[in-house]
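*Asks:* Below you'll find the structure I mean.
The values are calculated or read from the model by the stated rules, or taken from the named source; none is laboratory data. All figures in this text were calculated on a predicted structure; none of them were measured in a lab. In this analysis, Cβ positions are derived from the backbone assuming ideal geometry, glycine residues included, and neighbour counts consider all displayed protein chains.
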């Protein structure tokens with residue numbers, strides 16, 4: 001089939017959606033499909049297995065107050081994006097979906113796409129695409145209402161809370177999700193959650209686990225472990241990731257315990273974790289790695305004695321799975337889909353309640369003090385990753401969804 005795979009942000013450093021885009025597109029291409037990737041900035045890196053189409057925008061959600069290009073005046077979508085960003089909303093998913101529609105309207109006569117696969121945008125433009133006669137499938141990693149809820153809980157200041165309350169567009173996503181041909185999600189937990197939040201109906205969301213390349217993410221025996229070294233991979237500005245509770249746990253551990261944070265989205269304006277580190281006096285016990293290559297990431301996993309995933313919510317948990325594939329024992333919370341990825345407590349990870357720094361510290365202390373437990377959990381983690389999670393399986397299951405929507409396709413308008 002000819003597949004149009006759309007991600008409003010495409011770079012792997014932007015989070016799980018970028019990792020999903022890269023790996024699923026490659027696995028689909030390996031199955032013989034012609035994959036066209038449509039992405040906004042930050043753009044994906046080279047993907048020789050696919051044809052890439054760029055969807056530029058002005059990135060107003062980062063710089064709305066001080067940046068107003070004059071060309072915006074004659075570009076209605078950019079003008080709308082600027083106005084909504086100035087009001088405190090995040091218009092990126094909506095406006096990028098309209099840009100996708102505009103481009104597909106021109107390309108479809110020549111390319112004849114069989115299916116459009118949306119990666120978490122759920123913008124109104126997808127409904128226009130279905131009017132072109134192309135069925136649309138969407139992957140929903142989690143409902144954005146969860147982001148709003150956790151941000152409001154941890155933010156201080158009434159004004160900041162008020163602005164955050166209008167930042168996410170869950171109403172749009174719910175309306176669009178109900179009108180699409182099929183919805184895919186990465187875990188049983190999120191499947192039930194989005195069916196409830198978006199009123200899709202039981203069983204409407206197809207559960208397809210994400211994968212990991214176990215030939216790439218692997219144990220490297222020649223890399224020596226650094227005693228007391230922990231690794232956290234994720235966005236430290238995303239309050240759902242629980243970095244606050246990890247840092248509070250670190251403050252109660254022995255001074256020899258060191259944390260490496262790998263955050264590809266860090267830049268000077270992202271100060272949440274930096275301020276917490278200063279407040280807790282942890283400056284010399286935390287190292288930052290930013291925008292490192294996948295090869296360097298594998299090396300970092302192999303240097304650490306344990307990975308920590310302190311999330312308050314996870315729709316899947318790719319960093320946990322990558323660590324497991326590297327044979328690294330994991331300390332994780334029982335939040336969201338993490339038990340689906342790691343298995344029950346003691347299978348591939350020590351699981352603790354979310355938002356509990358004392359429990360997190362006890363589990364880390366227990367793991368670091370027991371080489372035999374680390375070996376046991378690390379071996380079990382590697383086997384679980386090999387046996388249960390692969391991008392080839394994910395692509396085969398996704399292909400089956402494409403086949404079904406093509407078979408059942410009826411223009412909805």
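*Asks:* Looking at this structure, is residue 195 assigned to a helix (DSSP H, G or I), surrounded by 13 or more Cβ atoms within 10 Å (Cβ to Cβ) and touching a strand residue (DSSP E or B) at 6+ places or on another chain (Cβ under 6 Å)?
*Replies:* Details: assigned to a helix (DSSP H, G or I): yes; surrounded by 13 or more Cβ atoms within 10 Å (Cβ to Cβ): yes; touching a strand residue (DSSP E or B) at 6+ places or on another chain (Cβ under 6 Å): yes.
It is true that residue 195 is assigned to a helix (DSSP H, G or I), surrounded by 13 or more Cβ atoms within 10 Å (Cβ to Cβ) and touching a strand residue (DSSP E or B) at 6+ places or on another chain (Cβ under 6 Å).
*Asks:* With the condition being farther than 25 Å from residue 320 by Cα and modelled with pLDDT under 90, I'd like the helices (runs of 4 or more DSSP H) fully within the stretch 1-113 carrying at least 3 qualifying residues. Break it down into steps so the answer makes sense when it comes.
*Replies:* Details: elements: 16-30, 76-86, 92-111.
By residue number, 76-86.
*Asks:* Which members of the stretch 300-335 meet the condition of being under 16 Å from residue 226 (Cα atoms) and assigned to a loop (DSSP other than H, G, I, E, B)?
*Replies:* 304, 305, 326, 327, 328, 329
*Asks:* Taking the stretch 202-212, which residues are surrounded by fewer than 20 Cβ atoms within 10 Å (Cβ to Cβ), part of a loop (DSSP other than H, G, I, E, B) and in contact with a strand residue (DSSP E or B) (Cβ under 9 Å, 6 or more places away or on another chain)?
*Replies:* 204 - this is the single residue of the stretch 202-212 that is surrounded by fewer than 20 Cβ atoms within 10 Å (Cβ to Cβ), part of a loop (DSSP other than H, G, I, E, B) and in contact with a strand residue (DSSP E or B) (Cβ under 9 Å, 6 or more places away or on another chain).
*Asks:* Please state which of the following conditions residue 225 fails to meet, knowing it meets all the rest: (1) assigned to a loop (DSSP other than H, G, I, E, B); (2) within 21 Å of the chain's Cα centre (by Cα); (3) closer than 15 Å to residue 307 by Cα.
*Replies:* (2)
*Asks:* I'm trying to understand the selection: among the residues of the stretch 43-60, which are surrounded by fewer than 17 Cβ atoms within 10 Å (Cβ to Cβ) and under 17 Å from the mean Cα position of the chain (by Cα)? Step through it out loud before you land on a result.
*Replies:* Here is the first cut: in the stretch 43-60, the ones surrounded by fewer than 17 Cβ atoms within 10 Å (Cβ to Cβ) are 45-46, 48-49, 51, 53-54, 56, 59.
Correct list: 45 only.
*Asks:* Of the residues 259, 246, 250, 230, which is in contact with a strand residue (DSSP E or B) (Cβ under 7 Å, 6 or more places away or on another chain), over 20 Å from residue 146 (Cβ atoms), modelled with pLDDT of 95 or more and assigned to a helix (DSSP H, G or I)? Explain how you work it out, then say what you get.
*Replies:* Values: 259 fails: assigned to a helix (DSSP H, G or I); 246 fails: over 20 Å from residue 146 (Cβ atoms); 230 fails: assigned to a helix (DSSP H, G or I).
Within the list 259, 246, 250, 230, the selection yields 250.
*Asks:* Determine, yes or no, whether residue 375 is more than 24 Å from the chain's Cα centre (by Cα), free of Cβ contacts under 8 Å to residues at least 24 places away in the same chain and not assigned by TED's automatic domain parsing to the domain that holds residue 30.
*Replies:* Numbers: more than 24 Å from the chain's Cα centre (by Cα): yes; free of Cβ contacts under 8 Å to residues at least 24 places away in the same chain: yes; not assigned by TED's automatic domain parsing to the domain that holds residue 30: yes.
Considered against the rule, which asks whether it is more than 24 Å from the chain's Cα centre (by Cα), free of Cβ contacts under 8 Å to residues at least 24 places away in the same chain and not assigned by TED's automatic domain parsing to the domain that holds residue 30, residue 375 comes out as yes.
*Asks:* Shifting gears a bit: Could we say that residue 215 is part of a loop (DSSP other than H, G, I, E, B), farther than 20 Å from residue 308 by Cα and modelled with pLDDT of 95 or more here? So that I can check it myself, show each step before the final result.
*Replies:* Values: part of a loop (DSSP other than H, G, I, E, B): yes; farther than 20 Å from residue 308 by Cα: yes; modelled with pLDDT of 95 or more: yes.
Answer is yes for this residue.
*Asks:* Moving on. Where residues in the stretch 233-243 are outside any loop (DSSP other than H, G, I, E, B) and in contact with a helix residue (DSSP H, G or I) (Cβ under 6 Å, 6 or more places away or on another chain), which of them is farthest from residue 282 (Cα to Cα)?
*Replies:* So in the stretch 233-243, the residues outside any loop (DSSP other than H, G, I, E, B) come out as 233, 239-241, 243.
Pick out the ones that are also in contact with a helix residue (DSSP H, G or I) (Cβ under 6 Å, 6 or more places away or on another chain) and you get 233, 239-240, 243.
Numbers: 233: 18, 239: 19, 240: 21, 243: 13 Å.
Here the answer is 240.
*Asks:* Kindly provide the set of residues from the stretch 279-295 that are free of Cβ contacts under 8 Å to residues at least 40 places away in the same chain, out of contact with any strand residue (DSSP E or B) (no Cβ under 6 Å at 6 or more places or on another chain) and surrounded by 12 or more Cβ atoms within 10 Å (Cβ to Cβ), ordered by number.
*Replies:* Of everything in the stretch 279-295, those that are free of Cβ contacts under 8 Å to residues at least 40 places away in the same chain, out of contact with any strand residue (DSSP E or B) (no Cβ under 6 Å at 6 or more places or on another chain) and surrounded by 12 or more Cβ atoms within 10 Å (Cβ to Cβ) turn out to be 280, 282, 290, 292.
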